[in-house]
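The structure appears right after this line, and notes come after that.
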Amino acid sequence: MTKLAEWLLGLALLGGGWATLTFDPLGLRLPLAGRQLLWPLPAYLLVAFGCYSLATVGYRLATFNDCRGASEELQTQIKEARRDLASRGFRF
């Protein structure tokens with residue numbers, strides 16, 4: 001199962017549960033306080049997902065590994081390209 005399918009399945013289950021509890025098609029007769037809490041639940045979950053996403057991106061950015069070997073190789077290739085272009089008459 002792909003990640004997209006997992007996320008869509010999770011969203012469908014949460015959405016179905018929310019709709020069932022909010023619109024009460026089964027006749028569960030939840031207390032008013034419970035129904036008032038359920039209405040804004042999707043907005044709360046969206047904000048929580050946004051916070052989680054920002055935290056994940058920030059953590060991954062803070063722990064990003066430097067690739068010194070790749071950096072040196074890239075600098076060498078840039079120097080070679082500059083020399084090649086300079087030999088063909090290109091001025092920097």
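The values are calculated or read from the model by the stated rules, or taken from the named source; none is laboratory data. What you see is a predicted model; the values in this text were computed from it and never measured. Cβ sites come from the backbone with ideal geometry, for glycine too, and all protein chains shown count toward neighbours. Accessible surface areas use protein heavy atoms only, side chains included; no ligands, DNA or RNA. Shrake-Rupley method; radii C 1.70, N 1.55, O 1.52, S 1.80 Å.
From Arg35, Arg29, which residue is surrounded by 10 or more Cβ atoms within 10 Å (Cβ to Cβ) and among the basic types (Lys, Arg)?
Arg35
Residues in segment 70-90 that are outside any helix (DSSP H, G or I) and open to solvent by less than 90 Å² (accessible area, probe 1.4 Å): how many?
Summing the residues that are outside any helix (DSSP H, G or I) and open to solvent by less than 90 Å² (accessible area, probe 1.4 Å) in segment 70-90 gives 1.
Under the condition of being open to solvent by 90 Å² or more (accessible area, probe 1.4 Å) and assigned to a helix (DSSP H, G or I), which residue from segment 48-69 is nearest to Leu14 (Cα to Cα)?
Phe49
For segment 2-26, which positions are surrounded by 10 or more Cβ atoms within 10 Å (Cβ to Cβ) and part of a loop (DSSP other than H, G, I, E, B)?
Within segment 2-26, Asp24 is the sole residue that qualifies.
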